[in-house]
Structures are given as C-alpha cells and as structure tokens.
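Colleague: Quick one: the structure is below, and I'll ask about it shortly.
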There are 2 protein chains.
Amino acid sequence: MATIQDIAKHAGISIATVSRALNKPEMVNVETRERVMHAAKKLNYFANENTKLSNVKNKKLSLGIIIPYITAFYFGELYSGISKVAEEHNIDLLLYELKSQHMSNEGISKALSFVKQRMVDGIILASCHVPGDYEDLIEQVQIPIALVLSSHENGKLPAFKVDDIRSSFDAVAYLVSRGHRHIGMISALPTEPERSEQLRFRGYKQAIDFYNLPYSDSFVAFGDMRFDDGYVAMKQLLANNEKIELTAVFAASDEMAIGAMRCIHDAGLRVPEDISVIGYDNLSVGTMTTPTLTTIEQPFGQIGSESVRHLMKVLTDSGQVTGKGNFYLPHKIIERESVSEITLSAK
Amino acid sequence: MATIQDIAKHAGISIATVSRALNKPEMVNVETRERVMHAAKKLNYFANENTKLSNVKNKKLSLGIIIPYITAFYFGELYSGISKVAEEHNIDLLLYELKSQHMSNEGISKALSFVKQRMVDGIILASCHVPGDYEDLIEQVQIPIALVLSSHENGKLPAFKVDDIRSSFDAVAYLVSRGHRHIGMISALPTEPERSEQLRFRGYKQAIDFYNLPYSDSFVAFGDMRFDDGYVAMKQLLANNEKIELTAVFAASDEMAIGAMRCIHDAGLRVPEDISVIGYDNLSVGTMTTPTLTTIEQPFGQIGSESVRHLMKVLTDSGQVTGKGNFYLPHKIIERESVSEITLSAK
C-alpha cells in the first residue's frame, strides 16, 4: 500500500510538502496540491485513509454546514436538529451561507473548499441539488459530505430528506379524506426540475390523477417559497375561483401557506370555512398564526441529527464509508385549524 | 519601535516561530504563544500592527460571526444586513453559534479563539453582554471585534445597537398617544440585569412614571422572549385583568407579542378591539399574523451592515482603530393593525 514517501517520490516533491498538501491543502499552492493529488490517486493512496480516519477518534471533531437561504425560516429548525446531536458528542459546528446566485457547480465547489480549509472534518451540504457531474470535486474535498434536504443525481453521496413526492401525495389524500375535490396548489417556480420543490408538484399531480379530481392549469400558481410569493400566488388562484371553485389549497411551503391564508383573509373570505389551506414543512411559525396551520411535517430535527450521526460514523468508525444514496425520513400530517371537513351535501 | 526580531531575541525563540505565533497562533503551542505575546506586549510591538493591517488591503477578508440563539427569528434579519454589505465587498462570512449555557466569560473566550483559528480577520459578536473584566481576552484575540445588539460594560469595544430604554419609552408613549393609560408589559426574565431585554423594562417603567400612568406589579409578566413565553405571560396578565383593566400591552419581543395575541384570541377577546398589542423587533413574521403586528423596529439590517463597515474600516484603513463605545442606530415605530385608538369617552 502506498505511503506518503511513495507519493513524494512519484511527484518529485518533499515529504513535508506532500503531508501538507494532504492535510493542510490551504497551505500549499494549487499546482503542488494537484500534483500531489494526482500521484496519490495513481498510487491508490486513499485506501490508506482508513488508518488516518481512525486517528480522528481521539480528537474533537468539527463539522461545516453549507446552506443557502440561511434566512429562510426552516434553517432554524434544521440547525436545531444538527446542533442537538453535535452538542451531545462535543462536536463544533461552523456555518457558511451559499448565496443563491452561487448555486452552481463552481459555486458549490468553492464553498466546499472554503469550508474545508477552515479545519472541519466533515461537511453537511443542505438544500443544494448536486448534479452527477462533479464527482471529481467531491473526491477532491477528501472529507466526508452528507446532503440534507436534497440529493445527488447519481446517488453517490448520502442524502437525508423526506420523500417529497409521497408526502405531497399524502397532503392531497388528506384533503380528499376531508371531503375536498377541488384542490389547488401553490407550487415552487418550475426552474430547477430535480429540486425537492418540483417533486412536490409531481406528488400533487399524481394524487390528482389517482383520485380522479378536477384539474386544469388554473388550479396551480407558482411562487418562490416565501410568504409574499404565497400571497401573490393565492391572489391568482382567487382571480379564477368563480370558474374552478377551489375549496382547498396545498402550498409547497409553510411560508407560502401562511401568505395564502393572509390573502384569503384580505379577500374577505375565511380559512378554513371558505377555503382550507395545508402547508408543507411544519415550521413553528405555523403555530403562531390564526388559524394555526395544518401541514406536512418534514422532520428537520431528525434529518439534521441523522446527518451528523452518519458523518460521525464515517469519521470515527474504522473507515468503512458505507451508506450512500437517499435516506428518507418519515413525514407526517400535523392537524391544526386551517383545514375543515366538508360534507357531501355541502359540496 | 520593536520588530519581530526583537521579540525573538527577548523571548529566546526563533524568528519564524514568533512570526507564526503572531500570524497563525493556532499552529503554535499555547506556552510558546504566551511567551511571544508577553514579549510583544512588553516591547510595545503592537504599535506596529498598523503596518500589518494595511497589508490586509490586498487580501480577501473573512469575518466570523458569533451568535447565541441562532434559531431565534431575529437572526435572519440581522444576518441579512451583515451579508448584504459583506457581499458588496467580497467578504466571506463564517458563523458560529454560542450555546446559551456557554454564555460566560470562559465560553465567549473559547468561542472567540475557535473562530479566530478559522482564519478570520475580524469577529462580530452578537447579543452577548460583555463584562468589563475580560479585556485580556479581547487583547489576546488580536483581531478587531465589533459587538452587535449588546454592549461592553466599559465601552472598550464598538457596539452597534438600538437605545433599548428610549425605544421602549417610545413604545409606551405611542400607546399613550392612542388614548391608552392602563398599559401592561410582557418583559424578559429579570435574570441578567445589564442585558438589552432588561433595559426595555426600564424604558417602560420610565414612561409609566413620566406619564403618571396607573401601575402595580400585576401590570408586568415575565417570559423568555419566545412565542410560548408570550402566551403564558399574557395568560397571567388576563387573569388579573378584572382588577387592572389593561387596554394595551407592550411586549419586549415580537415573538412574545405574537404569543400574547394568540392568547388573547384563545380567551375569546379581540386584538386590537379589546386589547392592543405592540411588539419589539419588527420581524417579518409580524406581517404574517392576523392582525398584523404594530411594533418598534430594531434596524437589524443597518446594525449588521454598520458593524461590517466598521470592521472593514479598522482592517483596511491605515490602522487607526477608532470608534469604541456604543453606536445607537435609530429605532422607529411600525404602525400596523394590532393597536387601536381609544377615545376619551370610551375609557
């Protein structure tokens, strides 16, 4: 098995520099780093990583969290889950916001390098859809990565999330069980086809088909997941409501659901008496509104804690980096006040 | 003026190690670091820092943000202000949550060291009341620190915040201008006398005295700043309300104000028709409730952006580290739906 001596020889670089390039890459210039990485890969050095990782057992671990939209309400709920387990295991956490305009391969790559250089042992990458074509990058980062609230196209990274399609199907199924048939949706903007938010639209549509419910394009309005977007989207649905006669709306986020409720209120209608609303997330803000919000719970706490446990296992176990692909955590329906039952005669 | 050569000679350590201890302290053991610091201080080396700082001009800056209660709603608002300016100036940000149980001198000290070691050029320390007696620590950290939403007892650190006493006085004055005289308060727990939250109670009490309003201990209930606390505190105020006849309540945070509104609703009363509520913060969630929340705005965005601008100035100007003490940013009253006017005849 290759040693760093072998790499030094192969790359024609001093042992100290090789060691630095592998362990403190930020202290070495890019060219040297790449020569070392190239040699290391060629000599299959990383099969040795296991030994190195087991040394980690005796040190205090740090994890980096990269997250876009750190100001979105769900961030707090996710972070609580992560930090609870991190605290139990005396793990330090560092947070870095990925600006939405940097949500590209290059942007994610830069963010991973930046955070890695801040001496973390593993990284939780939240809400970033990771396309299959930058496996090189992931390999280069050389510390374990776990995805939360998103997934990797080729399933090569462990991903902790809910099943967006199934949970959205269940939201509609719940409304159907309460007697609703004219069910609209406030969906995420259709810009990024593989992101969670788009999968929620697919779940809605599958349920519409499954239950053979009335449907046309006017049943759906789009927004960018925040309160104001929900308000505007609901306004659009109400503008058509003489024609489509919605009795219930499923919103792809709690923020949009709460915006929709406010819009219904401002239009002189009542939630749930005139229109029922079901959200998606189960943010604490849904308990603060009047009426309180019925919603699909994403178990943010569990998603966060499972991702930390996974990384700890990878870092402290004797190295078997097992468990790639998607880990679906269970969603559930939280019944509050914003959905009413309609009887057959009332329909 | 002393050079690092002088320090090396004085401390009996190699020049390279001195340089490392000053510039990359995390790479040097504690003992060596302390020897170097001791010699550096003795030789008045830091008068030279100006030169070093001006070199910073040519490098990409990073700032660390240390914040407790990262899951509180106001975090997002504050971070937005910080990140907007940071982005304009291509500054990287790293976030670290200080657990509330570590909110001690030792805890803050550890957090500052941890973040500093992550290669940041300056630190924003949010919502941590900094007692005067750890100036040593601050000196040891050796990178600029700015406080936001809190202050330093001896005023030796720049602090960006609102004037809690005056803004709370103004909240009561606003209610008085709307015809209210029986005004209660939902205040923070009286555990930490010098924290912002306690200053708000003082502002309330000053206004009560100034306007000669009715008052007894039953006019005030306490909570820990969150939604549920506001709910419970309001319940306590309502239990005494036959006696004290409150027509308005000032809550020391928007979250508590929203909890209070919900409690009033659940008691079968209406906001603002039966009881008016004014909050404190101006969080976006206050636009999502029904009725929307009238509140005192803390200019979180401005507080965040001013703290970044200050640190940039310190880091890139040719070194005059001016501007210590408190910088008060202007609060204002945001009028929405949760306060009604009562006429003299109705009182």
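The values are calculated or read from the model by the stated rules, or taken from the named source; none is laboratory data. Quantities reported herein were computed from a predicted structural model and do not represent experimental measurements. We place every Cβ from the backbone using ideal geometry, glycine too, and count neighbours over all the protein chains shown. Side chains are part of the model used for accessible areas, which takes the heavy atoms of the whole protein and leaves out ligands, DNA and RNA. Shrake-Rupley method; radii C 1.70, N 1.55, O 1.52, S 1.80 Å.
Colleague: Regarding region B:103-110, can at least one residue be identified that is closer than 28 Å to B:Ser284 by Cβ, of a type outside the set (D, E, K, R) and at pLDDT 80 or above?
Modeller: Filtering region B:103-110 down to residues closer than 28 Å to B:Ser284 by Cβ leaves B:103.
So of that shortlist, the ones also of a type outside the set (D, E, K, R) come out as B:103.
So of that shortlist, the ones also at pLDDT 80 or above come out as none.
Scanning region B:103-110 turns up no residue that is closer than 28 Å to B:Ser284 by Cβ, of a type outside the set (D, E, K, R) and at pLDDT 80 or above.
Colleague: Still on this structure: Quick check: anything in region A:49-62 open to solvent by less than 80 Å² (accessible area, probe 1.4 Å) and at pLDDT 90 or above? It would help to see each step written out before you state the result.
Modeller: Our first condition is that a residue be open to solvent by less than 80 Å² (accessible area, probe 1.4 Å); within region A:49-62, this holds for A:49-50, A:52-54, A:56, A:61-62.
Restricting the remaining residues to those that are at pLDDT 90 or above gives A:61-62.
Within region A:49-62, one or more residues are open to solvent by less than 80 Å² (accessible area, probe 1.4 Å) and at pLDDT 90 or above.
Colleague: Taking interchain pairs and intrachain pairs at least six residues apart, which have beta carbon atoms under 6 angstrom, with the first residue in region B:268-291 and closer than 20 Å to B:Lys332 by Cβ and within 12 Å of chain A (Cβ to nearest Cβ) and the second modelled with pLDDT of 95 or more and open to solvent by 10 Å² or more (accessible area, probe 1.4 Å)?
Modeller: B:Pro291/B:Val271; B:Pro291/B:Glu337
Colleague: For residues that are touching a residue at least 12 places away in the same chain (Cβ under 8 Å) and closer than 24 Å to B:Ile66 by Cβ, scanning just region A:103-115, find the one that is farthest from the other protein chains (Cβ to nearest Cβ).
Modeller: A:Leu112
Colleague: Could you check A:Thr290 against (1) under 15 Å from B:Thr292 (Cα atoms); (2) modelled with pLDDT under 95; (3) not in a loop (DSSP other than H, G, I, E, B) and say which number it fails?
Modeller: (3)
Colleague: Same structure again: Just the residues that are in a helix (DSSP H, G or I) and of a type in the set (Ser, Thr, Tyr), please, taken from region A:79-112.
Modeller: Scanning region A:79-112 gives A:Tyr79, A:Ser80, A:Ser83, A:Ser100, A:Ser109.
Colleague: Are any residues in region A:173-227 outside any loop (DSSP other than H, G, I, E, B) and open to solvent by 60 Å² or more (accessible area, probe 1.4 Å), and if so, which ones?
Modeller: Answer for region A:173-227, where residues must be outside any loop (DSSP other than H, G, I, E, B) and open to solvent by 60 Å² or more (accessible area, probe 1.4 Å): A:Ser177, A:Arg202, A:Gln206, A:Asp209, A:Phe210, A:Asp217, A:Phe222.
Let's see how each residue does on (1) out of contact with any helix residue (DSSP H, G or I) (no Cβ under 7 Å at 6 or more places or on another chain); (2) not aromatic (Phe, Trp, Tyr):
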{"site": "B:Ser109", "(1), (2)": "no, yes"}
{"site": "B:Phe114", "(1), (2)": "yes, no"}
{"site": "B:Asp136", "(1), (2)": "yes, yes"}
{"site": "B:Phe160", "(1), (2)": "no, no"}
{"site": "B:Asp170", "(1), (2)": "yes, yes"}
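Colleague: Within region A:144-169, count every residue that is in contact (Cβ under 8 Å) with a residue 24 or more places away in the chain and either basic (Lys, Arg) or open to solvent by 30 Å² or more (accessible area, probe 1.4 Å) (or both).
Modeller: Number of matching residues: 7.
Colleague: Out of everything in region A:106-143 that is in contact with a Leu (Cβ under 7 Å, 6 or more places away or on another chain) and of a type in the set (S, T, N, Q), what residue ends up being most open to solvent (accessible area, probe 1.4 Å)?
Modeller: Ranking the candidates gives A:Ser109 first.
Colleague: Just the residues that are modelled with pLDDT of 85 or more, facing chain B (nearest Cβ under 8 Å) and over 12 Å from A:Ser127 (Cβ atoms), please, taken from region A:72-98.
Modeller: We begin by selecting, within region A:72-98, every residue modelled with pLDDT of 85 or more; these are A:74-98.
With the extra rule that they be facing chain B (nearest Cβ under 8 Å), the set shrinks to A:75-77, A:79-80, A:83, A:87, A:92-97.
The answer is A:Gly76, A:Glu77, A:Tyr79, A:Ser80, A:Ser83, A:Glu87, A:Asp92, A:Leu93, A:Leu94, A:Leu95, A:Tyr96.
Colleague: Restricting to region B:1-24, what's the tally of residues that are modelled with pLDDT of 75 or more and among the aliphatic types (A, V, I, L, M)?
Modeller: Matching residues across region B:1-24 total 8.
Colleague: OK, next. Scan region A:60-71 for residues that are more than 16 Å from A:Asp121 (Cβ to Cβ) and of a type outside the set (S, T, N, Q) and report the count.
Modeller: Residues meeting the conditions: 4.
Colleague: Answer with yes or no whether A:Ala239 is more than 13 Å from chain B (Cβ to nearest Cβ), out of contact with any Lys or Arg (no Cβ under 7 Å at 6 or more places or on another chain), open to solvent by 10 Å² or more (accessible area, probe 1.4 Å) and among the small types (Gly, Ala, Ser).
Modeller: yes
Colleague: Still on this model: B:Ile124 fails exactly one of the following numbered conditions: (1) outside any strand (DSSP E or B); (2) out of contact with any Pro (no Cβ under 9 Å at 6 or more places or on another chain); (3) in contact (Cβ under 8 Å) with a residue 60 or more places away in the chain. What is the number of that condition?
Modeller: Looking at each condition in turn, B:Ile124 falls short on (1).
Colleague: Just name the residue that is surrounded by the fewest Cβ atoms within 10 Å (Cβ to Cβ) out of those in region B:242-255 that are away from every other protein chain (no Cβ under 11 Å) and assigned to a helix (DSSP H, G or I).
Modeller: So the first thing to find is which residues in region B:242-255 are away from every other protein chain (no Cβ under 11 Å), and the list is B:242-253.
Going one step further and asking which of them are assigned to a helix (DSSP H, G or I), we end up with B:242-244.
Working: B:Glu242: 7, B:Lys243: 9, B:Ile244: 15.
Restricting to residues being away from every other protein chain (no Cβ under 11 Å) and assigned to a helix (DSSP H, G or I), the top hit is B:Glu242.
Colleague: Applying the selection to region B:263-304, what residues are hydroxyl-bearing (Ser, Thr, Tyr) and open to solvent by less than 20 Å² (accessible area, probe 1.4 Å)?
Modeller: Once the filter is applied, which keeps residues that are hydroxyl-bearing (Ser, Thr, Tyr) and open to solvent by less than 20 Å² (accessible area, probe 1.4 Å), region B:263-304 yields B:Ser276, B:Tyr280, B:Thr289, B:Thr292, B:Thr294, B:Thr295.
Colleague: Another question, if that's okay. Hey, any hits in region A:293-301 for a residue that's in a loop (DSSP other than H, G, I, E, B) and under 22 Å from A:Gly155 (Cα atoms)?
Modeller: yes
Colleague: All but one of (1) assigned to a loop (DSSP other than H, G, I, E, B); (2) in contact with a helix residue (DSSP H, G or I) (Cβ under 6 Å, 6 or more places away or on another chain) hold for A:Pro272, so report the exception by its number.
Modeller: For A:Pro272, the failing item is (2).
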